[in-house]
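A.B. asks: My questions all concern the structure below.
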Amino acid sequence: MSAPAVARARGGSRLRGAGPGGTLAGTGLLLRFMLRRDRVRLAVWSASVVALWLYVVTAFGALYSTAEERQARAALMTTPASVMMTGPGYGLEDYTLGAMVANELLLWVALALAIMSVLEIVRHTRAEEESGRAELVRAGAVGRHAPAVAAMLLVLVVNVVVAVLSGAVLVAGGLDAGDSAVLVVAAALTALVFAAVAVVTCQLTAHGRGAAGLALAVFGAAALVRAAGDIQERHGSALSWFSPIAWAQQTRVFVDTRLWPLVPSAVLVVLLLVLGAVLASRRDHGAGMLPDRRGRADARPSLRSPVALAWRQQRTALAWWTLGAGLMWLASGTYVDGVGDMIGDLAETNPAVAQIFGADGGQGLVDAFVAVILLYAVLAALGYGIAAVLRAGAEEAEGRAEVALALPVSRGRWLGAQLVVAEAGAAVLVLAGGAGTALGALSVGVDDPAAWTYLLAAASYLPAVAVVLGLAAALYAWWPRLAGLAWAVLALVFVVGMFGDALDLPDAVQGLSPLWWVPRVPAEDPRLLPVVVLAGVAVTLHVLAFAGFRRRDVPAR
Amino acid sequence: MTTSTERAPGGPAIEIHDLRKTFGTTHALDGLDLTVRPGEVAGFLGPNGAGKSTAIRVLLGLLRPTSGHVRLLGGDPWADAVALHRRLAYVPGDVSLWPNLTGGEAIDLLGRLRGDQGRAAARRRQELLERFELDPTKKARTYSKGNRQKVALVAAFAADVELLVLDEPTSGLDPLMEAVFTELLREAKAQGRSVLLSSHIMSEVEKVCDTVTIIRRGRAVESGTLQELRHLTRSAVTAVVGGDPAPLAALPGVHDLATTADGDGTRVTFDVENDQMGDVLAAVAPLGVRSFTATPPSLEELFLRHYGDELAAGGGSATGAAR
Ligand SMILES: Nc1ncnc2c1ncn2[C@@H]1O[C@H](COP(=O)(O)OP(=O)(O)OP(=O)(O)O)[C@@H](O)[C@H]1O
Ligand SMILES: [Mg+2]
């Protein structure tokens with residue numbers, strides 16, 4: 001046998017051994033490579049999630065140490081605003097530490113794990129294809145489905161590791177081992193569902209950013225359906241069951257544990273993966289479902305400035321976000337109606353709540369509910385805004401900033417264009433949150449609070465949003481490699497916004513979140529001072545960003 | 001601002017002296033000297049990682065020099081970037097375009113941002129599109145590498161500027177398009193534009209460049225006109241002589257002398273430094289020359305010598321010529 005023939009035979013046996021038809025060849029190698037490449041990133045994600053469990057278990061244990069305190073908390077959890085932020089409310093009658101952790105934390109852990117999983121899937125499949133790097137890999141002895149399968153295995157491994165560690169933390173926190181296991185498995189399975197969703201969305205669009213956005217939009221819709229269903233009826237209505245997030249929560253863990261609601265999740269994962277494989281087999285490497293169309297031979301007269309260019313690059317993403325988020329807040333706004341209905345029931349069953357919110361005939365409950373929806377809208381807009389601001393970094397890394405700056409375009413003008421478009425987009429999303437919620441409420445006949453109140457409430461967040469985005473811009477301008485820390489800031493803002501009160505975090509910590517300073521209109525009265533101070537901080541951060549960007553090398557090392 | 005950047009008549013288009021640029025511990029530029037006079041096409045050569053792109057980015061005010069003197073069209077490339085960029089066009093080594101813009105849109109945008117307007121510019125654009133056989137209606141992300149490069153070249157040659165800064169502009173072009181590029185470069189030169197052309201393609205440099213600078217590890221090891229550079233290197237000599245050629249080995253500028261018997265004479269081969277050729281000829285003539293050939297170095301050899309590692313090891317003349 002000649003030498004090449006020997007090599008072929010060896011390669012051949014490896015292909016056969018690796019999977020049917022060789023489409024999975026190289027999976028193991030890719031998996032190891034992915035683990036190696038993402039070791040830091042995955043460690044940070046995993047540690048953050050485990051730390052969240054640990055912190056919440058410990059803090060809840062300390063803060064709500066007596067049955068009385070826990071029942072007071074349970075009473076609070078029956079409000080629509082709370083249902084929106086937690087779960088179907090199993091175990092509220094006897095709100096043990098376990099029931100509390102499961103009801104209030106599962107949604108958010110599932111969110112964190114789902115975001116991690118979706119980003120990992122996209123990063124190792126579609127984004128690699130988009131960049132052209134996958135071509136190098138696939139030209140080796142690597143099968144068609146290997147990258148996707150390896151990415152899915154990667155996500156599986158990480159979720160299992162997180163589940164094991166989280167389970168250990170819960171048990172150490174004094175919770176029952178069996179129930180803890182079900183809880184962490186439920187969270188992991190939910191994350192895998194959305195990872196599988198991402199595998200499918202990666203086949204639909206040629207752009208990594210779009211694929212991740214679509215998958216996360218599916219999570220948003222699932223969260224919304226769950227909330228709507230659970231607001232309609234304590235312990236969830238039929239509507240709730242249309243959401244994979246509800247399946248995890250319906251295990252009634254720590255109350256009356258049942259496993260079968262996890263079956264649909266497992267089945268859905270398999271179905272989605274099969275769908276993904278079918279779609280992947282039908283398309284060309286690097287292609288989406290739609291072919292690229294031809295375009296104009298010459299530019300429109302309006303395409304003549306860095307701002308026009310940035311707008312051209314970001315407008316599609318913004319349009320989809322505005323549409324998706326707008327619909328979501330519109331739907332949320334319609335729940336306000338249900339809130340009104342709940343108030344009567346609440347006053348009877350929960351005198352404690354009635355005492356807190358009932359003084360003004362339940363209006364406080366509606367206001368609190370609206371404030372929560374608006375907070376969500378602002379957090380989503382921040383997510384969009386940070387991603388949009390950090391696009392400047394991608395422009396630079398891919399060499400397009402260099403092309404633009406070699407023209408008579410100053411550093412300030414270029415960065416200004418990127419930031420104006422990104423931050424105006426975020427502002428549009430914030431206001432769309434206010435407008436969508438108001439329209440939703442109006443459409444079901446609720447006109448108190450008045451529509452303009454929603455807009456005012458949304459608008460009062462704008463300076464705080466500008467602070468966060470200004471910080472992202474300053475990080476990018478001074479230390480481009482640390483720009484990703486802006487996401488950590490978002491995580492902080494999120495934790496403070498969602499858990500600040502429940503965990504009784506000290507004001508010094510909560511105050512780190514710019515959003516914390518903003519009065520929660522309509523539940524609180526608007527105040528001018530925080531708005532002015534935040535605006536001042538935002539301006540300072542932007543000035544710093546421009547100063548830094550003028551000084552440094554482009555591309556940065 | 002404009003007055004400070006006006007070019008002094010006759011001043012160099014590019015003037016770099018003792019330029020250093022470090023990235024952490026990497027010395028990308030380590031005392032680089034480079035001058036491009038107005039109307040001159042200057043070749044800029046060097047092995048991978050020699051610092052060509054880094055030098056060009058410093059010239060464009062993208063990178064801030066660690067130390068050294070840099071003037072571009074009479075101005076300071078960092079401080080006067082915007083004003084200077086109106087007067088130059090740049091083609092990067094690895095052209096990256098906005099993926100959702102068509103090639104035509106990208107060309108228009110680049111022109112408008114530079115301030116080019118009007119009929120003449122549009123005509124010029126059309127002419128260039130035809131010469132490069134480029135379809136402007138395709139989205140940038142669907143262009144091949146060569147076609148992306150053409151987009152940047154069309155934009156650069158369509159611009160009415162004094163200086164073209166081209167970083168390996170032909171690395172993706174097919175031979176026909178390379179010929180178009182060479183033609184355009186000649187036209188640019190005829191119009192009096194200055195050009196800095198970084199390249200690895202010897203024939204291209206040989207065809208169009210007036211001067212050449214070869215850099216290695218961030219410093220210039222050769223610079224001058226092509227003739228000068230040839231002059232500074234060695235020719236290979238083969239001769240058959242009647243007398244004893246051994247004393248030739250002792251002459252300055254003669255290297256690697258070897259002899260073999262050839263009939264009743266002696267065949268001798270050696271390398272000689274071109275500027276010593278006269279003395280060598282004078283020494284060979286009395287030996288009874290029966291045949292004599294001297295082969296000048298090809299450009300290729302010239303470059304290989306500087307790209308390869310012999311430079312450090314031997315080649316006395318080359319080291320001596322480095323400035
Ligand atoms: N941003 C950076 N950070 C660190 N090192 C860099 C950076 N940019 C360039 N270098 C280093 O500086 C040196 C010069 O690189 P440069 O890109 O200028 O080479 P070049 O001559 O253009 O090479 P090529 O012919 O391959 O294009 C290389 O060693 C490179 O690794
Ligand atoms: Mg280069």
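A.B. asks: Under a plain spin-label model, where a point goes 7 Å from the Cα along Cα-to-Cβ, how far apart in nm are B:Thr260 and A:Asp448?
C.D. replies: Using points 7 Å along Cα→Cβ, the separation is 11.2 nm.
A.B. asks: I need the per residue convex hull volume for the stretch A:29-122, using only the alpha carbons, in cubic angstrom as a whole number.
C.D. replies: 103
A.B. asks: Would you be so kind as to identify which of A:His285, A:Ala211, A:Ala127 lies farthest towards the positive end of the dipole of the protein assembly as shown, taking Lys and Arg as +1 and Asp and Glu as -1 on Cβ and the Cα centre as origin?
C.D. replies: A:His285
A.B. asks: How much mean residue ellipticity at 222 nm does chain B get from its helices, if each DSSP H run of length 4 or more adds -39500 (n - 2.57) and you divide by all residues, to the nearest 500 deg cm²/dmol?
C.D. replies: It comes out at -9500 deg cm²/dmol, rounded to the nearest 500.
A.B. asks: If you look at just the Cα atoms of the stretch B:234-296, how large are its Rg and its Dmax in Å?
C.D. replies: Spelled out, the Cα radius of gyration and Dmax of the stretch B:234-296 are 10.4, 32 Å.
A.B. asks: From the Cα trace of the protein assembly as shown, what convex hull volume per residue do you get, rounded to a whole Å³?
C.D. replies: Values: hull volume 185.0 nm³, N = 880.
Expressed per residue, the convex hull around the Cα atoms of the protein assembly as shown is 210 Å³.
A.B. asks: Another question about this same structure. Cα centroid distance between the stretch A:358-410 and the stretch B:177-231, in Å?
C.D. replies: Distance between centres, Cα-based: 49 Å.
A.B. asks: Another question about this same structure. Work out the charge dipole of the protein assembly as shown with +1 on the Cβ of Lys and Arg and -1 on the Cβ of Asp and Glu about the Cα centre, then indicate which of A:Ala547, A:Val40, B:Gly118 is farthest towards its positive end.
C.D. replies: B:Gly118
A.B. asks: Could I ask something else about it? Quantify how strongly other chains surround peptide A:66-79 by giving the mean number of their Cβ atoms within 10 Å of each of its Cβ atoms.
C.D. replies: 0
A.B. asks: Using the beta-carbon distance between A:Arg32 and B:Asp94 and R0 = 30 Å, what value does 1/(1 + (r/R0)^6) give for FRET efficiency, to the nearest 0.05?
C.D. replies: E(calc), rounded to 0.05, equals 0.50.
A.B. asks: If you don't mind, there's one more thing I want to ask. Tell me, what is the percent relative contact order of the stretch B:234-296, built from C-alpha pairs under 8 Å that lie six or more residues apart?
C.D. replies: 51
A.B. asks: Which trypsin sites (Lys or Arg not before Pro) in the stretch A:450-533 sit in a loop by DSSP (not H, G, I, E or B) and have at most 16 other Cβ atoms within 10 Å of their own Cβ?
C.D. replies: A:Arg527
A.B. asks: Next question, about the same structure. How charged is the neighbourhood of B:Leu196? Take every other residue with its Cβ under 13 Å from the Cβ of B:Leu196, and add Lys/Arg as +1 and Asp/Glu as -1. Don't skip to the answer; put the middle values down first.
C.D. replies: Details: positive: B:Arg37, B:Lys52, B:Arg57, B:Lys189, B:Arg193; negative: B:Glu15, B:Glu40, B:Glu162, B:Asp167, B:Glu168, B:Asp210.
The answer is -1.
A.B. asks: Under the definition of partner shielding as Cβ atoms of other protein chains within 10 Å of a residue Cβ, what is the mean value for peptide B:90-97?
C.D. replies: That average works out to 4.
A.B. asks: While we're on this one: If the only charges are +1 at each Lys and Arg Cβ and -1 at each Asp and Glu Cβ, what is the size of the charge dipole of the stretch A:417-557 around the Cα centre, to the nearest 20 debye?
C.D. replies: Using Cβ point charges on Lys, Arg, Asp and Glu, the stretch A:417-557 gives about 860 debye.
A.B. asks: Which of the peptides A:447-455, B:218-226 is most tightly packed, and how do the rest follow, judged by the mean count of other Cβ atoms within 10 Å per residue?
C.D. replies: Packing order, densest peptide first, comes out as B:218-226, A:447-455.
A.B. asks: Now, a different point. Can you list the aspartates and glutamates whose alpha carbon is less than 14 Å from that of B:Lys189, not counting same-chain residues fewer than 8 positions off?
C.D. replies: B:Lys189 reaches B:Glu40, B:Asp160, B:Glu162, B:Asp210.
A.B. asks: I would also like to ask the following. When a/c reaches 1.5 or more, the comparison of a/b and b/c decides; with that in mind, is the stretch A:231-332 rounded, prolate or oblate per its Cα gyration tensor? Please report the intermediate quantities before stating the final value.
C.D. replies: Numbers: a/c = 4.41, a/b = 1.85, b/c = 2.38.
Oblate.
A.B. asks: How large is log10 of I(q)/I(0) for the stretch B:2-229 at q = 0.14, 0.15 Å⁻¹ when the intensity is taken from the Debye formula with one equal scatterer per alpha-carbon?
C.D. replies: Debye curve over Cα of the stretch B:2-229, log10 I(q)/I(0) at q = 0.14, 0.15 Å⁻¹: -0.88, -1.01.
A.B. asks: Something else: Given the stretch B:51-133 reduced to its alpha-carbon atoms as identical point scatterers, what log10 I(q)/I(0) does the Debye formula return at q = 0.13, 0.17, 0.24 Å⁻¹?
C.D. replies: The computed values of log10 I(q)/I(0) come out as -0.55, -0.85, -1.20.
A.B. asks: Give me the one-decimal nm value for the distance between modelled label points at A:Ala62 and B:Ala179, 7 Å along each residue's Cα-to-Cβ direction.
C.D. replies: Those two pseudo-labels are separated by 8.1 nm.
A.B. asks: Which FRET efficiency value, to the nearest 0.05, do you get for A:Leu482 and A:Ala424 by plugging their Cβ-Cβ distance into 1/(1 + (r/R0)^6) with R0 = 30 Å?
C.D. replies: The pair A:Leu482/A:Ala424 has a calculated efficiency of 0.75.
A.B. asks: Quick check on packing: order A:47-59, B:96-108, B:260-272 by the mean number of other C-beta atoms within 10 Å, highest mean leading.
C.D. replies: For the peptides A:47-59, B:96-108, B:260-272, the packing ranking is B:96-108, A:47-59, B:260-272.
A.B. asks: If you don't mind, there's one more thing I want to ask. Any idea what the relative contact order of chain A is, in percent, if you count C-alpha pairs under 8 Å spaced at least 6 apart?
C.D. replies: 14
A.B. asks: Then there's this: Quick check for you: which residues of the stretch B:238-256 have the amide N under 13 Å from the point 7 Å beyond the Cα of B:Met277 toward its beta carbon?
C.D. replies: Within reach of a label on B:Met277: B:238.
A.B. asks: Moving to a separate point now. Where Lys and Arg each count +1 and Asp and Glu each count -1, what net charge lies around A:Tyr90 among other residues with Cβ under 11 Å from its Cβ?
C.D. replies: Once all neighbours under 11 Å are counted, the net charge is -1.
A.B. asks: Quote the charge dipole size of the stretch B:2-229 about the Cα centre in Debye, to the nearest 20; the model charges only the Cβ of Lys and Arg (+1) and of Asp and Glu (-1). If you can, show how the numbers build up before the last one.
C.D. replies: Details: 30 positive and 29 negative charges, 126 e Å.
Its charge dipole is roughly 600 debye.
A.B. asks: Then there's this: Could you check the simple spin-label distance between A:Val164 and B:Leu226, using points 7 Å along Cα→Cβ, in nm with one decimal?
C.D. replies: Spacing of the two 7 Å Cα→Cβ label points: 6.8 nm.
A.B. asks: Rounded to the nearest 10 Å², what accessible area does A:Met85 show when all protein chains are kept and the probe is 1.4 Å?
C.D. replies: Estimated to the nearest 10 Å², A:Met85 gives 40 Å².
A.B. asks: Moving on to the next point. What does the average come to when, for each residue of peptide B:103-113, you count the partner chain Cβ atoms lying within 10 Å of its Cβ?
C.D. replies: 6
A.B. asks: Output ³J(HN,Hα) for the stretch A:457-472: one whole-Hz value per residue in order, computed from phi by the Karplus curve 6.51 cos²θ - 1.76 cosθ + 1.60 with θ = phi - 60°, and x for Gly and Pro.
C.D. replies: 4, 5, 5, 5, 7, 4, x, 5, 4, 5, 5, 4, 5, x, 5, 4
The values are calculated or read from the model by the stated rules, or taken from the named source; none is laboratory data. Keep in mind that what you see is a predicted model, and the values were worked out from it rather than measured. All Cβ positions, even for glycine, are placed from backbone atoms using ideal geometry, and neighbour counts span all protein chains on display. In case anyone asks, the SASA skips ligands and DNA or RNA and just uses the protein heavy atoms, side chains included. Shrake-Rupley method; radii C 1.70, N 1.55, O 1.52, S 1.80 Å.
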